[in-house]
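The values are calculated or read from the model by the stated rules, or taken from the named source; none is laboratory data. Nothing here was measured: the structure is a model prediction, and the numbers come from that model. Here Cβ is always computed from backbone atoms with ideal geometry, including for glycine, and neighbour counts include all displayed protein chains. Quick note on the areas: whole protein, heavy atoms, side chains included, nothing else; ligands and nucleic acids left out. Shrake-Rupley method; radii C 1.70, N 1.55, O 1.52, S 1.80 Å.
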Amino acid sequence: MAEPTLLAFLLLLLVFNAPSGSFSAATKDESVYESFLQCLEKNTNPQDKISNLVYSQSNAAYTSVLRAYIRNARYNTSATPKPLVIVTPTQISHVQATVICTKKVGYQLKIRSGGHDYDGISYISDTPFFILDMFNLRSIEVDIKDESASVQAGATLGELYYKIWESSKGHGFPAGVCPTVGVGGHLSGGGYGNMLRKYGLAVDNVLDAQIVDVNGKLLDRKAMGEDLFWAICGGGGGSFGVIISYKIKLVPVPKTVTVFRVERTLDQNATDVVYKWQLVAPTISNDLFMRMLLQPVTRKGKQTIRASIVTLYLGDSDSLVALLGKEFPELGLKKENCNETSWIQSVLWWANFDLGTSPDILLDRNPNDANFLKRKSDYVQKPISKDGLEWSWKKMIDVGKTGLVFNPYGGRMSEIPASATPFPHRAGNLYKIQYSMNWQEAGKEADKKFMTQIRRLHSYMTSFVSKNPRSAFLNYRDLDIGVMEPHKDSFEQGSVYGYKYFNDNFDRLVKVKTAVDPENFFRNEQSIPTLPRKA
């Protein structure tokens, strides 16, 4: 009799122990999904068929919807935490219901517009979460008479530029150079492009906005008040609500603009060019934006540094050649280096398309386009000496393949007060550095190798960049500089990254957050914390 009893006991143990966790987890997930769906149906129009817009993990289309806007392949692995549910609203009421119902079931809500946040925080989390994916909310209305446009958060910059060009050949908008970036994240985090020295950031040209708040209410600028409107124009929308749309001010662009790309290596006076660039690029005519890319390369079997200057000039090539001949003779720019074109063609050229490409390409969202990548940022307030640059070249070559991108400030950026928007990096900054690392190999070993390289170079540059705080740019999201632990809303932890991104504006952002979302529903790994509760 003993043997059958032992067998029964072992079977009982197996039933209770082995599968119970997965059974209970699966049952809980199903129960949460059902509750969430019922709540959505109750809070939206029956004819909307909201269930068709909600993807659970058992839905055949779930993986393709999740992967479509993952732009960093580091976060597209089997081990990457996945959302229980993805909601893809087509109406504002769907967004309102999603906020209300996610709160009700007690999950975290991540909001994704284009998926370009460099450290993936719009679509991953260490706590149970849903994704609100805004890609269907992408309407754009251009009003040339009013010189404005209303653009929803799920539209891309490419779609926005195309619509502006369709309506007018004499208008543009000063936002980013990558056409597949989503408007919602780009503008709410500051947003800049190659016209920032002439017109400032994207958020410096925002007139109004719509946001769904923590109570599911739709608010415009008047209804939300100036404090909240200020906060979502550079402080990151995801800390305060769900950005639905922005009304933006279009800017005039000339019929003819000029672009060029000139490269120099160390044996072609690159050090002199880079040194002089620091003095010229932030102070020259506001019509000229000269980005500089620095990359370790091999030439004739020898390692060197290549400096590439990539330019947009709001004018013709004759005046540009004359301007740089006077201000930057070390560059040796000639007319044959330049291409005169239209503003929309310059957008395509900056996005690495050939001049003459049809602007229709801007409507291609390139879903499932992901690289392995890491980005970091810094601000430079004093020119780096030639000795400092030569030391940096050695370090860059020693480290590996990390590139640097220098983006000049000055011009309009120096005229706008640091407190005008949450983005504080204005007068006093010569340029911003983006540290850039892309790789092809999958797996932990490659990840460790290339992440170590970019972190080492960032560390080497410490003495050349801003201090107390060592500032960073929110839209170059970098979880290395501090994170909020899961299930926490710690002012202390939030301050670590908050003061780096926002400097003195961080305290005002915290006050706004505390007023509009006191329970910290809208949160992520680097969200704005609330003020500590008084005992």
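Could you tell me whether the stretch 129-149 includes any residue that is over 27 Å from GLY225 (Cα atoms) and within 14 Å of the chain's Cα centre (by Cα)? There is no residue in the stretch 129-149 that is over 27 Å from GLY225 (Cα atoms) and within 14 Å of the chain's Cα centre (by Cα).
If you go through the stretch 138-161 and keep only what is open to solvent by less than 10 Å² (accessible area, probe 1.4 Å) and outside any strand (DSSP E or B), you end up with ALA153, GLY154, ALA155, LEU157, GLY158, LEU160, TYR161. The single residue among VAL510, VAL496 that is in a helix (DSSP H, G or I), over 23 Å from ASP378 (Cβ atoms) and under 22 Å from the mean Cα position of the chain (by Cα) turns out to be VAL510.
Taking the condition part of a strand (DSSP E or B) and open to solvent by 10 Å² or more (accessible area, probe 1.4 Å), does ILE131 pass? In short, no. Here ALA427, ALA446 are screened, and the one residue that is modelled with pLDDT of 95 or more, more than 22 Å from the chain's Cα centre (by Cα) and open to solvent by 50 Å² or more (accessible area, probe 1.4 Å) is ALA427. Screening the candidates LYS467, LYS432, LYS394 for the property of being modelled with pLDDT of 95 or more, of a type in the set (D, E, K, R), assigned to a strand (DSSP E or B) and out of contact with any Cys (no Cβ under 8 Å at 6 or more places or on another chain) yields one hit, LYS432. Note on the stretch 300-310: among residues that are surrounded by fewer than 21 Cβ atoms within 10 Å (Cβ to Cβ) and touching an Asp or Glu at 6+ places or on another chain (Cβ under 8 Å), the one that is farthest from SER392 (Cα to Cα) is SER308.
Residue-wise test of (1) buried (at least 16 other Cβ atoms within 10 Å of the Cβ); (2) among the β-branched types (Val, Ile, Thr).
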{"position": "THR77", "(1), (2)": "no, yes"}
{"position": "PRO81", "(1), (2)": "no, no"}
{"position": "LEU84", "(1), (2)": "yes, no"}
{"position": "THR88", "(1), (2)": "yes, yes"}
{"position": "LYS104", "(1), (2)": "no, no"}
{"position": "LYS110", "(1), (2)": "yes, no"}
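Scanning the stretch 374-405 for residues that are out of contact with any Lys or Arg (no Cβ under 9 Å at 6 or more places or on another chain), buried (at least 19 other Cβ atoms within 10 Å of the Cβ) and of a type in the set (Gly, Ala, Ser) yields SER392, GLY403. Taking GLU166 as the residue in question, decide whether it is in contact (Cβ under 8 Å) with a residue 12 or more places away in the chain and at positive phi. No, not satisfied. Of all residues in the stretch 162-188, exactly one satisfies the criterion of being of a type in the set (Ser, Thr, Tyr) and crowded, with 24+ Cβ neighbours inside 10 Å, namely SER188. Among residues of the stretch 323-334 that are assigned to a loop (DSSP other than H, G, I, E, B), those with a beta-carbon under 6 Å from a residue that is open to solvent by less than 60 Å² (accessible area, probe 1.4 Å) and of a type in the set (A, V, I, L, M) at least six positions away or on a different chain give the pairs PHE328/VAL280; LEU333/VAL321; LEU333/LEU324. A search for C-beta distances below 6 Å between a residue of the stretch 70-98 that is modelled with pLDDT of 95 or more and part of a loop (DSSP other than H, G, I, E, B) and any residue that is crowded, with 18+ Cβ neighbours inside 10 Å and among the acidic types (Asp, Glu), counting only pairs 6+ apart in sequence or on different chains, returns THR88/ASP133.
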